[in-house]
Amino acid sequence: MAKEPVRVLVTGAAGQIGYALVPMIARGVMLGADQPVILNMLDIPPAAEALNGVKMELVDAAFPLLKGVVATTDAVEACTGVNVAVMVGGFPRKEGMERKDVMSKNVSIYKSQASALEQHAAPNCKVLVVANPANTNALILKEFAPSIPAKNITCLTRLDHNRALGQISEKLNVQVSDVKNVIIWGNHSSTQYPDVNHATVMTPSGEKPVRELVKDDAWLNGEFITTVQQRGAAIIKARKLSSALSAASAACDHIRDWVLGTPEGTWVSMGVYSDGSYNAPAGVIYSFPVTCKNGEWTIVQGLAIDEFSRKKLDLTGVELTEEKELAYSCLS
Amino acid sequence: MAKEPVRVLVTGAAGQIGYALVPMIARGVMLGADQPVILHMLDIPPAAEALNGVKMELVDAAFPLLKGVVATTDVVEACTGVNVAVMVGGFPRKEGMERKDVMSKNVSIYKSQASALEQHAAPNCKVLVVANPANTNALILKEFAPSIPAKNITCLTRLDHNRALGQISEKLNVQVSDVKNVIIWGNHSSSQYPDVNHATVMTPSGEKPVRELVKDDAWLNGEFITTVQQRGAAIIKARKLSSALSAASAACDHIRDWVLGTPEGTWVSMGVYSDGSYNAPAGVIYSFPVTCKNGEWTIVQGLAIDEFSRKKLDLTGQELTEEKELAYSCLS
C-alpha cells in the first residue's frame, strides 16, 4: 500500500536553488523513492509568473511521486499542513549593502515566516533554513515560532560538509563515497571550521584517518580550510551565479539523513540549536557533527578538540554571538 | 558487487538544460539507483569557465554514484568511451534568424559531432538528441556516423509525451501516474501530433479510455493539441527562459526506459529512425509509440489511425521531409 504523501514547502521556489531543488524532491531524492510528496512553493509577488512557470514544468515532467503542487505568494497557504519546510527565500546581498542592511532585511522576513509556520505547519514540522545568513535566519525563526520545538529548526551546513568530503577525495584521488566524518563547526560563513581530525577514508586495508593518508598538515590546516570556506565565491567566479545544484543536493541530503537516519558509523554536519556542547555558545544555531535516528538528530559527543581546533570553534562561535546581537538590534 | 560505471556524455553541459540534467544523472535518475556513472561534459570554449564551475559543483555535491567527471571543450576527449550520449548542445535561434540559418548552423555541429562519436564512443552507444531541430539534428548525426547503428540514434519527444500526460491528468483531476499511452507522432515542433486515441486512465473500476472520461472531443482535437504543441512557448513566457527542468527530466525518462525497459502494458514516445511504419516517411527521425526491452526499442504496431489523425501524421511527416531537404541543401 502506497505511503501517504508528505507535504514539503520550498520558499524562494522561483529562484535558482528552488529550480534545482524541486525536481530532486519530486524524484524522491529528499525522502526516498517510495515516498509520495506534495510540493508547496512560495515566492514573492514579483516572481509569481516565474513561479507559475516552475509549477507548469513540474506538471510537464509527469513525476510519478508528485501528488500535488501548490504555487503561491501567500505565506499562510504555503505553510498549511507542511511536514518539511526548506527556507530558500531571503534577501540577497546587493553591491553596496552593509552587513547590517542584509541582516535587517532577512530578520524581518524570518520573523514573519516564523509566525506563518508556527500557526499553519503540521505538528513536528522539520525546518531547514538555507538562505543566508542561514544560522541567524534560523535563530530568528526559532525565536519567533516558540511552539515549534527548537530541535526542529536547523540550518544548512551540509553543503560545506559535502564540499569538504569532495576536497579530500580529490586530494587523495579516492571515491568521495569512501570519505566520511569530516565536521563543519559553527557558522555557514567564512568563519566555519572544516575539521578532518576525525575523518576517515575506506581503503583496501580498512578505514584510515585522513590526516595519516594526506600526510600534509600544512595543507589540511591551511589551504584545505580556506578552499572549503571560500568555495561559494569560487563557484560564483566560475559560473557568474551562486551554487544552486550543489546547495539543492545538500538540502536533500540534510533532510534525508534527518528523516531516514544516518548510516551506521557515519555522522553528518547540521546547524542545530546549541546546548553548549563543545563549549560552543548556547542559544545560537551552531553546526555540529550529528547522527540521526527515528527522525531525531543527536550531537556526537566526546570528540577530542585540539588547541588549533579550539581556537577555530571559538572564533566562529563569537561571530554567531555577534550576529545574534546584530539581529536583535535590527528588531528593536 | 557494485556495477561497472557507465559513461554518459552531455554536450552543451554548461547551459540551462545541462545544469538541470547532470545532478539527475549523478543521482541515478537516468540509469538506476545502483548504477555508478562517469559524466563527460562538453561545451564550447567561451563556456569553459562556466563548465568548470559545473564540475566543481558536482564534486561539491559528493554524489555516491558519481565515479568521475570529465569537463572539456575537446570533442574527442568528450566522446571517448561513452555508452550514452545526450546531445543538448546546439545553436539556439536568435531574434532575426531565418529557419535556414538555424538549420545551417546546427547541421555543421551535428555533422562534426557525428564523426567524433562514431570514432571514439563505446560500441553500441545510445544517442539522444535534445537540441533543436532535434529530429533533423539526429538525422544528420545518423547520416554522418554510418557505423553507429541507426536504431541507436534517437531524439527527444518524451517531453511532449510527458506534457500530454500532464494535461490529461489536470483535465481529469487524476494522478499523472494513472495516465498512460498517449502518443507523440512526428516532429518535435509545432507540427507534432499529440494523440490520445489509445490513451487510458487507471480508475477504481479499471483502465478507461481517455476520450471516454474526458467527454470533450472538441477539446481533445483542439485546445489539448495546441497546448501541448505550444507548451515550450508558454514556459518561456512565464519563466523568461526555456524549459530546462522538464526537458532534463524527460531526457532521463527516455534513456531510462530505453535501457531498463518500459513497464508491461505501457508504451512511450521516442523519435526514432523511421522504417515507414504507419505510412510515415522512411529515412527521417520520426516520433512513434515504442516499447523497450533488453536495451532495444520496438514500434508499437497495429494501432488504429482515424482520418483526423491520418492528416496530422502526414502533416508532421511532410515537415520532416522538408527539413531533411533543407538540411542537405545546407551541406552542399
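Derivation of every value follows stated rules applied to the coordinates shown; laboratory data play no part. Quick caveat: nothing in here was measured; it's all calculated off a predicted structure. In this analysis, Cβ positions are derived from the backbone assuming ideal geometry, glycine residues included, and neighbour counts consider all displayed protein chains.
Post the alpha-carbon centroid distance, segment A:204-245 to segment B:165-243, in whole angstrom.
For segment A:204-245 versus segment B:165-243, the Cα centre distance is 47 Å.
Peptide A:238-247: average number of partner chain Cβ atoms within 10 Å per residue?
6
Hey, what D do you get for segment B:204-297 in µm²/s if you plug the Kirkwood alpha-carbon radius into Stokes-Einstein at 4 °C and 1.567 mPa s?
The estimated diffusion coefficient comes to 81 µm²/s.
If you look at just the Cα atoms of segment B:157-328, how large are its Rg and its Dmax in Å?
Rg, Dmax (Cα atoms, Å): 15.6, 52.
Quick check: Cα centre of segment B:259-284 to Cα centre of segment A:298-332, how many Å?
About 60 Å separates the Cα centre of segment B:259-284 from the one of segment A:298-332.
Residues of A:63-73, mean number of Cβ from any other protein chain within 10 Å of their own Cβ, rounded to a whole number?
Mean shielding count: 2.
Using the count of nearby Cβ atoms within 10 Å as a rough guide to exposure, how do A:Leu303, A:Leu58, A:Leu65, A:Leu331 rank from fewest to most?
A:Leu331, A:Leu303, A:Leu65, A:Leu58
Which value at 222 nm does the protein assembly as shown reach when only helices count, each DSSP H run of 4 or more adding -39,500 (n - 2.57), with the total divided by all residues and rounded to the nearest 500 deg cm²/dmol?
-13500 deg cm²/dmol
For segment B:113-208, treating each Cα as an identical point scatterer without solvent, what Debye log10 I(q)/I(0) comes out at q = 0.12, 0.22 1/Å?
-0.51, -1.00
What is the distance, in nm, between label points placed 7 Å from the Cα along the Cα-to-Cβ direction at A:Glu322 and at B:Gln175?
About 5.2 nm separates the two model spin labels.
Counting other beta carbons within 10 Å of each Cβ, put B:Ser190, A:Ser277 in order, fewest first.
B:Ser190, A:Ser277
I need the per residue convex hull volume for the protein assembly as shown, using only the alpha carbons, in cubic angstrom as a whole number.
Convex hull volume per residue, Cα atoms: 162 Å³.
Show me A:234-240, A:103-109, B:80-86 ranked by packing, highest mean number of other Cβ atoms within 10 Å first.
For the peptides A:234-240, A:103-109, B:80-86, the packing ranking is B:80-86, A:103-109, A:234-240.
Fully extended, how many nm does the chain gain between A:Ser108 and A:Lys94 (0.36 nm per residue separation, minus their Cα-Cα distance)?
Length difference between fully extended and current span is 3.3 nm.
For segment B:157-328, build the charge dipole from Cβ charges (+1 Lys, Arg; -1 Asp, Glu) around the Cα centre, then report which of B:Gly302, B:Thr226, B:Thr291 sits farthest towards its positive end.
B:Thr226
Alpha carbon centre of segment A:27-45 versus segment B:1-59: separation in Å?
23
Looking at A:His161, A:Asn197, A:Ser242, which one has the Cα that reaches farthest to the positive end of the dipole of segment A:157-328 (charges on Cβ: Lys, Arg +1; Asp, Glu -1)?
A:Ser242
What's the Cα-based Rg to Rh of segment A:6-155, Rh via Kirkwood?
On the Cα set of segment A:6-155, Rg over Rh gives 0.96.
Restricting to lysine pairs 8 or more places apart or on different chains, what number in segment A:6-155 have Cα atoms under 12 Å apart?
Qualifying lysine pairs in segment A:6-155: 5.
I'd like the per residue volume of the convex hull spanned by the Cα atoms of chain A, given in cubic angstrom.
Cα convex hull per residue, to the nearest whole number: 145 Å³.
Taking the Cα centre of chain A as origin, work out the dipole magnitude from +1 charges on Lys and Arg Cβ and -1 charges on Asp and Glu Cβ, in debye rounded to 20.
That gives chain A a dipole magnitude of about 300 debye.
Around A:Lys126, which amide H atoms from residues at least 5 apart in sequence, or from another chain, sit under 5 Å from its own amide H, with H modelled in the peptide plane?
A:Val84, A:Ala85
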